[in-house]
Amino acid sequence: MQSILSSMRALALRQNTVESLRLLHLSAVSEAARKGTREKARKKKVKVEVKKVGFIPHNQRNKKINMKRADKHVDDSWKQVPKDDCYVGRYYRWPVYSVQEAVQCHRETHHPTMYNVPNAPLNVDIELNMQAEKITRFVDNFQRMAMIPHKFDHGEERKIIVFTKGNNEVLEAREAGASLVGGVELIKDITNGELLLSDYQYIIAHPNILAELVALRGLMKRKFPNPKSETLGTNLAEMIVKFSSGISYSAAKDEYQQNFGLITASVGTLDMDAQKLEDNIKFLLQDINTMRPKREGRFITRVLLKSPPSSEQLKIDPFVYVPEMWDKSTAKVKREETKKQTEPTERQEAVASN
């Protein structure tokens, strides 16, 4: 009986040891399998696929961002014209006012019973199509001074220094309102450091002193007088009046839409005569039109009249004062005229630099 019990105990012990060994073997296999699958999963997560992208022109990069932005060139020609004076503005075309009507509307909103600012400035927003002759090119940002027939308080400090020789020219410049007029002695004062050019916003010169003025080219840099910026010429009085009382404006392309440009300038105050304000707008638009590229289509696309603190903006028709489309024959004649005018001064500048 005891032998039977001992044999049964031995058998039970053997079975337990076999099962424990089997469990150990299986657990090691399963652990190893899990470790391998985890490593594969980690490799899949870490792996980054680099896609090769071809060359993209600079003006077409970030195209996805630009596609989401609304086109700033507003074209409402497809909308219907309102039949009465009560309508939802976004569903109909903007009404087009004459300058006289727009000025009168702003005067009504600035009446003492409303905003009570009868001498508020009249600002003009001019939208441009900056597309150049080629599709991939755009008009560069530019800054100009437009001569206007009727002066107004522009609120800017404009000190003008004039370089010229000859008693008649010096007297002419002083009578026109220049801040400082001089010749060779003025150049010496600047060279010695007794006078600072940074104190003057505009520098004008007569061609008769161009040879001596070359010594200050390094100090003046971009302000050096030249015919293109209309700071070098024989008619000193006209240039001084233009830079002292003209409209200073700059055209800048939009950061995300290169073919859209905007000019914001003040053309006068509401207490001025409406006809004088219209004349100033006319001269400003004509000056801007000289910068238009040689291509078909519009350059000036939309003009809005504003007057702070009111947020109202009234659309006017700019093509009453400037041509809507580019005329090749007219542009050729104007180019020849400007070439004849600038040839003598450019020749003198070249001789002086040599």
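None of the figures in this text is laboratory data; all of them are computed from the coordinates on show. In this text, all values refer to a predicted model and were calculated from it rather than measured experimentally. Counting neighbours? That spans all protein chains shown, and the Cβs are built from the backbone with ideal geometry, glycine included.
Below, the figures for the structure above:
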| item | result |
| --- | --- |
| Residues in region 144-169 that a label on Val322 would reach, taking backbone N under 13 Å of a point 7 Å out along Cα→Cβ | 144-147 |
| Förster radius 51 Å - calculated FRET efficiency between Glu156 and Ile135 (Cβ-Cβ, nearest 0.05) | 0.85 |
| Euclidean distance between Cα centres, region 128-151 to region 165-220, Å | 29 Å |
| Neighbourhood charge, 12 Å Cβ-Cβ cut-off, centred on Leu304 and excluding it, Lys, Arg +1 and Asp, Glu -1 | -1 |
| Neighbour net charge for Asp125 - beta-carbon separation under 9 angstrom, K R +1, D E -1 | +1 |
| Filter on Lys51/Lys72; Lys51/Lys253; Lys79/Lys306 - keep pairs with C-alpha separation over 30 Å | Lys51/Lys72; Lys51/Lys253 |
| Gyration tensor verdict on region 103-159 (Cα atoms; rounded if a/c is under 1.5, prolate if a/b is larger than b/c, oblate otherwise) | oblate |
| Beta bridges by DSSP in region 103-261, antiparallel share as percent, to the nearest 5 | 55 percent |
| DSSP-assigned coil residues among trypsin sites (Lys or Arg not before Pro) in region 182-280, each with at most 11 further Cβ atoms within 10 Å | Lys228 |
| Rg ratio (alpha-carbon, reference 2.2 N^0.38 Å) - region 109-203 | 1.68 |
| Region 72-102: trypsin sites (Lys or Arg not before Pro) in DSSP loop, at most 16 other beta carbons within 10 Å | Lys72, Lys79, Lys83, Arg93 |
| At R0 = 56 Å, FRET efficiency that the Cβ-Cβ distance of Phe142 and Lys52 yields, to 0.05 | 0.90 |
| Cα gyration tensor category, rounded, prolate or oblate, for region 79-131 with a/c compared to 1.5 | oblate |
| Charge context of Tyr321, other residues only, Cβ under 13 angstrom, K/R +1, D/E -1 | -4 |
| Selection of chymotrypsin sites (Phe, Trp or Tyr not before Pro), region 113-219, meeting DSSP coil and at most 16 other Cβ within 10 Å | Tyr115 |
| Modelled FRET efficiency - R0 25 Å, Arg107 with Asp85, Cβ distances, 0.05 increments | 0.85 |
